[in-house]
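Before any comments, here is the structure.
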Amino acid sequence: MPREQGEPSPRKPWLWHVVLLDDQEHSYDYVIRMVQELFGTSAARASQIAATVDEHGRAIVMTTHQELAELKREQILAYGRDPQLSASTGSMQAVIEPAE
């Protein structure tokens, strides 16, 4: 459906959050290691993200353009199980959300 002249165009969000979701199948060490490896964060920042995920059920790991956010989400989803926990059956979950 074409827009009427003078009607604002719908805007796609420019920035997107990569959000890590909590579960009971991954240890703090796993989260810290994964965040450091995939996002290049310091150990202190990775520890802060792990604590936020544990306390609030989710944590924003990165805010970036959509293509990179999608790539980072896919890297989280492909990271694999936590070898320290026998209950771990796969990677952590992550979503991307528009940054507002």
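The values are calculated or read from the model by the stated rules, or taken from the named source; none is laboratory data. Just so we're clear, the structure is a prediction, and the values are computed from it rather than from any experiment. Cβ coordinates were reconstructed from backbone atoms using ideal geometry, including for glycine residues, and neighbour counts include every protein chain displayed.
General observations
- In segment 71-100, the qualifying residues are those that are among the acidic types (Asp, Glu) and in a loop (DSSP other than H, G, I, E, B), and the one that is farthest from Leu15 (Cα to Cα) is Asp82.
- Out of Glu7, Glu55, one residue alone is exposed (fewer than 11 other Cβ atoms within 10 Å of the Cβ) and either at pLDDT 95 or above or of a type in the set (Phe, Trp, Tyr) (or both). It is Glu55.
- Only residues that are of a type in the set (Gly, Ala, Ser) and part of a helix (DSSP H, G or I) were counted in segment 41-64, giving 6.
- Of the residues contained in segment 45-52, none is found to be modelled with pLDDT under 95, within 16 Å of Gln24 (Cα to Cα) and of a type in the set (S, T, N, Q).
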